[in-house]
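Notes for the one structure printed next.
The values are calculated or read from the model by the stated rules, or taken from the named source; none is laboratory data. Quantities reported herein were computed from a predicted structural model and do not represent experimental measurements. Quick reminder, even Gly has a Cβ in these numbers, built from the backbone with ideal geometry, and neighbours come from all protein chains shown. These accessible areas exclude ligands, DNA and RNA; they are computed on the full protein's heavy atoms, side chains included. Shrake-Rupley method; radii C 1.70, N 1.55, O 1.52, S 1.80 Å.
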Amino acid sequence: MIYPVAVYGHTVLRKKAIPVKKDFPDLDVLVNNLFETMHSSDGVGLAAPQVGLSQRIIVVDASPFAEDEPALENFRKVFINPVIEKRFGDVVTFNEGCLSIPNIREDVNRPEKIKISYFDPEFKRYSETYEGIAARIIQHEYDHLDGILFTDLVSPLRKKIIAKKLIAISKGKFEVSYKTILPNQRVLQRQK
Ligand code: NI
């Protein structure tokens, strides 16, 4: 099932998501739906709050970046209750976008490496280190779990420049090929 994606201005994007409980019903179905939603909108990452569900789950499919980083060819992962334990390495700049903020891309600085612990859908715990594009996507999605958007992290000047565009998005003045939910809860089906 493909969910509509909440866009900028929706309160769910600013909430701190709650930890997923072990008895969360049909977690596998939810995870599959998150992947399906992400793929249908050509995203490389999606956090549950973006589909209106304030739970600490993110999915990542970094395979579109395999041309730049061959190791990402099969990088398709779900992170449940993730905790970034350490951010390290150089701070690097990368041009980010977000399915919840259509048609805006901005340079964002983040550390190039992370150490993260998380659970898989069977609640097996992992602790892993990521770098490069994988670390970039995970940090972006992880921020969604704490109500942080990439546009919060740009320079004061860039914030000023994009302010009007963000207001326009919150009012539904944008075109995307996937279904969205506006701050007033309307579910839209838009075509390119
Ligand atoms: Ni995002």
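Quick check on the range 115-136. Is at least one of its residues over 21 Å from R56 (Cβ atoms) and within 16 Å of the ligand (Cβ to nearest atom)? Spell out the reasoning first.
Pass one, the range 115-136, residues over 21 Å from R56 (Cβ atoms): 131-133.
So of that shortlist, the ones also within 16 Å of the ligand (Cβ to nearest atom) come out as 133.
Yes - at least one qualifying residue is present in the range 115-136.
Which residue, of N109, N103, is within 18 Å of the chain's Cα centre (by Cα), away from the ligand (no atom under 15 Å from the Cβ) and not in a helix (DSSP H, G or I)?
Working: N103 fails: away from the ligand (no atom under 15 Å from the Cβ).
Of N109, N103, the one residue that is within 18 Å of the chain's Cα centre (by Cα), away from the ligand (no atom under 15 Å from the Cβ) and not in a helix (DSSP H, G or I) is N109.
Every residue in the range 140-178 that is surrounded by fewer than 19 Cβ atoms within 10 Å (Cβ to Cβ) and among the hydroxyl-bearing types (S, T, Y), please.
Within the range 140-178, S155, S170, S177 meet the criteria.
All but one of (1) crowded, with 20+ Cβ neighbours inside 10 Å; (2) not in a strand (DSSP E or B) hold for V20, so report the exception by its number.
With (1) crowded, with 20+ Cβ neighbours inside 10 Å; (2) not in a strand (DSSP E or B) applied to V20, the lone miss is (1).
Go through (1) open to solvent by less than 60 Å² (accessible area, probe 1.4 Å); (2) at pLDDT 95 or above one by one and return the number of the condition A66 breaks.
(2)
Only one of (1) surrounded by fewer than 18 Cβ atoms within 10 Å (Cβ to Cβ); (2) part of a loop (DSSP other than H, G, I, E, B) is not met by F35, so which one is it?
Condition not satisfied by F35: (2).
Within the range 97-109, does at least one residue satisfy the condition of being farther than 30 Å from P25 by Cβ and small (G, A, S)?
First, the residues of the range 97-109 that are farther than 30 Å from P25 by Cβ: 97, 101-109.
Right, trim to small (G, A, S) and you get 97.
Yes.
Of these, F94, F123, which one is under 18 Å from the mean Cα position of the chain (by Cα), among the aromatic types (F, W, Y) and surrounded by 12 or more Cβ atoms within 10 Å (Cβ to Cβ)? Steps first, please.
Values: F123 fails: under 18 Å from the mean Cα position of the chain (by Cα).
Going through F94, F123 in turn, just one is under 18 Å from the mean Cα position of the chain (by Cα), among the aromatic types (F, W, Y) and surrounded by 12 or more Cβ atoms within 10 Å (Cβ to Cβ): F94.
Scan the range 67-76 and give yes if some residue there is within 23 Å of A6 (Cβ to Cβ) and touching a residue at least 60 places away in the same chain (Cβ under 8 Å), otherwise no.
Scanning the range 67-76 turns up no residue that is within 23 Å of A6 (Cβ to Cβ) and touching a residue at least 60 places away in the same chain (Cβ under 8 Å).
Quick check: anything in the range 4-15 under 16 Å from T180 (Cβ atoms), open to solvent by 20 Å² or more (accessible area, probe 1.4 Å), modelled with pLDDT of 95 or more and assigned to a strand (DSSP E or B)?
no
Each row is one residue, and each column tells you yes or no for (1) over 12 Å from the mean Cα position of the chain (by Cα); (2) on the phi < 0 side of the Ramachandran plot; (3) within 16 Å of the ligand (Cβ to nearest atom).
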residue	(1), (2), (3)
D23	yes, yes, no
V59	no, yes, yes
F65	yes, yes, yes
D68	yes, yes, no
K86	yes, yes, no
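In this structure, does F79 turn out to be within 25 Å of R14 (Cβ to Cβ), open to solvent by 60 Å² or more (accessible area, probe 1.4 Å) and assigned to a strand (DSSP E or B)? Break it down stepwise before answering.
On the way: within 25 Å of R14 (Cβ to Cβ): yes; open to solvent by 60 Å² or more (accessible area, probe 1.4 Å): no; assigned to a strand (DSSP E or B): yes.
Against the criterion (within 25 Å of R14 (Cβ to Cβ), open to solvent by 60 Å² or more (accessible area, probe 1.4 Å) and assigned to a strand (DSSP E or B)), F79 does not qualify.
Could you give me the residue pairs with C-beta distances under 9 Å whose first residue belongs to the range 137-149 and is hydroxyl-bearing (S, T, Y), whose second residue is more than 10 Å from the ligand (Cβ to nearest atom) and part of a helix (DSSP H, G or I) wherever it lies, and which are 6+ apart or on separate chains?
Matching pairs, first to second residue: none at all.
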